[in-house]
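The values are calculated or read from the model by the stated rules, or taken from the named source; none is laboratory data. Because the structure is a prediction, the values reported are computed rather than measured. So basically every Cβ, Gly included, is an ideal-geometry build from the backbone, and we count neighbours across all protein chains shown.
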Amino acid sequence: MRILFLIITSSLLCAPSSQAAERVSFDGGADAAGLLLQARAAASTMPDAAPAAPAPRPQAARSMADFSHDATPAEIRRANDYNSTRHFPEGARAPFRPVEDTAQFAYILMSAYEQGGESANLRKTIASNLPSGVKLLILADSDEADRVRKKYLQWVPAERLIIAADEDTSTGFWARDSFPVPVYDDAAKKASVVAARYYRDFTSWDAVAAGAHAPIVKKDFTFVGGNLMADEDGNCFAVDSYRLFTATAGDLAAAYGCKTVRIMPHVHGIGDVDEVLKTLPGRRVLTNTPEYRASLESWGYKVVMLPTRPETYRTYANALIVRGTVFMPSYGGAADGEARQVYESLGYKVVPIKTVSLSDDLHGSIHCQTMAYPPMPEKDLLKSLGLARL
């Protein structure tokens, strides 16, 4: 087995030391030893997203108190400083487009790491209600992979479960932020994934991509996937919060191939677009932010309002939609029923998941903790990479 590196010249970065982003695709062959290490070596232009992490601790000793979904001032400074010299050339656009949030997904991806009963229940509920035709990919520490496999086999048949293993995966808890973002390479919707530098120490892009059989492109700038939302035409939305890390609309077009980029004002929440918007087929968009309505309508969207919550971080927009099923945050009270009715009126089956403490304690809700990919080129490479596919 070999790894092919295709240079995408249109994604050259401004910094003199920057190189073209490398497109890494996986192909069949006989010699597979060390492929995961080779893939990581290909990302040498992507420095660590934070200073070297301490030696991995046993999973039971890790605590979400070590890091919140919100970035620290030091993390923000590092990311902003890094991006300040890595803006893309004006007018550059990647030769693909981002996958819409309601695509015909083939994979739901999550980290195996849990913190408290709500995150454990979130994972169990999604696994137990996996839509037809969808596989579940769980990213786990290598020394925990067998235990994680046995746990998820309680809810998912072996042929629909993939365990992607890497040395230390704890900072992948917010899969939406850290995992590579799916894109379409052509009009036929052949898919691959784009990895940006996470603002925390995360090095499992290759394990995730290999688990989903995904060719991967690596971009040398810092960004979080939760602040990118695309419609079915490749038009993108983001929120003008610190979580852009100085990235511009042009940077997002150059990195992900967005046709247009709308930067929405930061009204509430941490500052990710998946807290406040949900694009739907047919030029429709869900939002819980009345301040956005006039602009969205002026751009040709039919706006459907979700109920708002008085609590800062609770939001029904932070839902995961996969093949007609909505995994919807649930907080208790009448607003839950109103939000459910909105989704059901649009033809979706709703599976509510309690995320009260997850939202309130800045541990992220359902969309934050999950990623979804469309079908990828099928290559039987997991065994040779030392990853377990079950």
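Among residues of region 237-252 being touching a strand residue (DSSP E or B) at 6+ places or on another chain (Cβ under 6 Å) and surrounded by fewer than 24 Cβ atoms within 10 Å (Cβ to Cβ), the one that is nearest to residue 366 (Cα to Cα) is 240. Of everything in region 294-304 that is under 19 Å from residue 341 (Cβ atoms) and free of Cβ contacts under 8 Å to residues at least 24 places away in the same chain, the residue that is surrounded by the most Cβ atoms within 10 Å (Cβ to Cβ) is 303.
Does residue 279 satisfy the condition of being buried (at least 20 other Cβ atoms within 10 Å of the Cβ), part of a strand (DSSP E or B) and polar (S, T, N, Q)? Yes, satisfied.
Looking only at residues of region 185-201 that are of a type in the set (Gly, Ala, Ser) and part of a strand (DSSP E or B), we find that the one that is farthest from residue 87 (Cα to Cα) is 191. Scanning region 349-390 for residues that are outside any strand (DSSP E or B), modelled with pLDDT of 85 or more and among the charged types (D, E, K, R) gives 360, 361. Report yes if some residue within region 88-111 is crowded, with 16+ Cβ neighbours inside 10 Å, polar (S, T, N, Q) and in a helix (DSSP H, G or I); otherwise report no. No, because not a single residue in region 88-111 is crowded, with 16+ Cβ neighbours inside 10 Å, polar (S, T, N, Q) and in a helix (DSSP H, G or I).
For region 336-347, does any single residue satisfy the condition of being polar (S, T, N, Q), buried (at least 22 other Cβ atoms within 10 Å of the Cβ) and at pLDDT 95 or above? No, region 336-347 has no match at all.
One residue stands out in region 131-157 among those that are small (Gly, Ala, Ser) and surrounded by 13 or more Cβ atoms within 10 Å (Cβ to Cβ): the one that is nearest to residue 322 (Cα to Cα), namely 140.
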